[in-house]
Each structure stands twice: as structure tokens, then as C-alpha cells.
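Structure, as C-alpha cells:
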Amino acid sequence: MRTTPFRTRAQAMLGVLLAALPDDEGVRLVRTLRRDPQLAPLALNALAQSELLSPEGMIDAEHLLVLAENLLQLVELAGGSGGAEEALRAQGPEARAAIAAALDSAHPDRAGLEELRQLAARALRAPSARLGRAHKRRHPVGKNGRKRRR
């Protein structure tokens, strides 16, 4: 799983291990991988998909990892930049906020996130400098409730 360049393939491998190992060994393995810096996004996804982990059972950072993982897998499954751009456009206006949050996550696939940033900039027709920089815009509203001017 660590060496495959394909996130969807690694996700499938982890799913097979989860299902195939006897006596809840798979569940214990995947729960242990939840703390692994490289495999945590896959493990969290596997636990959530298997309904072994509810959204309430995740901390904010884990929600961001799952979001980033799902977007990276979406881009991978869309095959090529044209298909990925179309898939991102199909997500609608909510895609911009989701992508910005994913780009600010601690997801270990930095190259994949950079590809996502570039694809999203083209697909959503936003300047690439604005995507993934939500941490600098967290408080766009001043004390009086009005938007700050830049």
C-alpha cells in the first residue's frame, strides 16, 4: 500500500485486508493504521466506509484527511486532467470550499494535493494563488460584522 502510486488501488488493498483477515485482525490493523502518518487517510476512509467509524468519532483533522483523500481519489478515477476538471466542475459551488479545506489538510500526498490545486484552479476558474490559502482568510469579517477590505 505504501508503494503503489495509485490511491484507489491502495484503498482497495486495505479494504481486502480489512475483510480477509480473521477474528477482527483486519479491524485492529486498520484502526492501528489510523495513527500512521502515511496511511491514515486510507485507514480513516476504510473505517468510515465499513461503518466502523462514524463522523462523530473523528476529530476535525481526520475529517480533513478523509475529504482530501476522497478528492484525490476522485481526480484519480476521473482519469486525466480533462476528466478530472469536469468531475470537479460537476461538484458545484461547494467544491471551492471543499478543495481549499483539503489543500490545507495534513494529507501526506503533497504531490497529489498540488495536482488537485492546479486542476481546481483550471476547473473552477479561480486564481491558483487563492486555492489552498484559506488559513490566511479565516477571519474575513471584522469586529463590526462587515467584511474586511484588502
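We did not get these values from a lab; they are worked out from the coordinates using the rules stated. Fair warning: this is a prediction, and the values are worked out from it, not measured in the lab. Here Cβ is always computed from backbone atoms with ideal geometry, including for glycine, and neighbour counts include all displayed protein chains.
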(message) Through the Karplus equation 6.51 cos²θ - 1.76 cosθ + 1.60, θ set to phi - 60°, convert the phi angles of the stretch 43-52 into ³J(HN,Hα) values in whole Hz; use x for Gly and Pro.
(response) 5, 4, 4, 4, 5, 5, 5, 8, 6, 9
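Please identify the GluC sites (Glu not before Pro) of the stretch 1-60 that satisfy two criteria: DSSP loop assignment and at most 15 other Cβ atoms within 10 Å. Which are they?
Working: sites: Glu25, Glu51, Glu56; in loops: Glu51.
Here the sparse-neighbourhood loop sites are Glu51.
Relative contact order of the stretch 1-77, please, whole-number percent, based on alpha carbon pairs below 8 angstrom and at least 6 residues apart. Spell out each step's value before the answer.
Details: 60 pairs, mean separation 22.3, N = 77.
About 29 percent, as a whole number.
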(message) Whole-Hz ³J(HN,Hα) for each residue in the stretch 103-114, computed from phi via Karplus 6.51 cos²θ - 1.76 cosθ + 1.60 with θ = phi - 60°, x for glycine and proline: what do you get?
(response) 5, 8, 6, 8, 4, x, 7, 5, 5, x, 5, 5
(message) To the nearest 20 Debye, how big is the dipole of the stretch 14-91 about its Cα centre, given +1 on the beta carbon of each Lys and Arg and -1 on that of each Asp and Glu?
(response) 100 debye
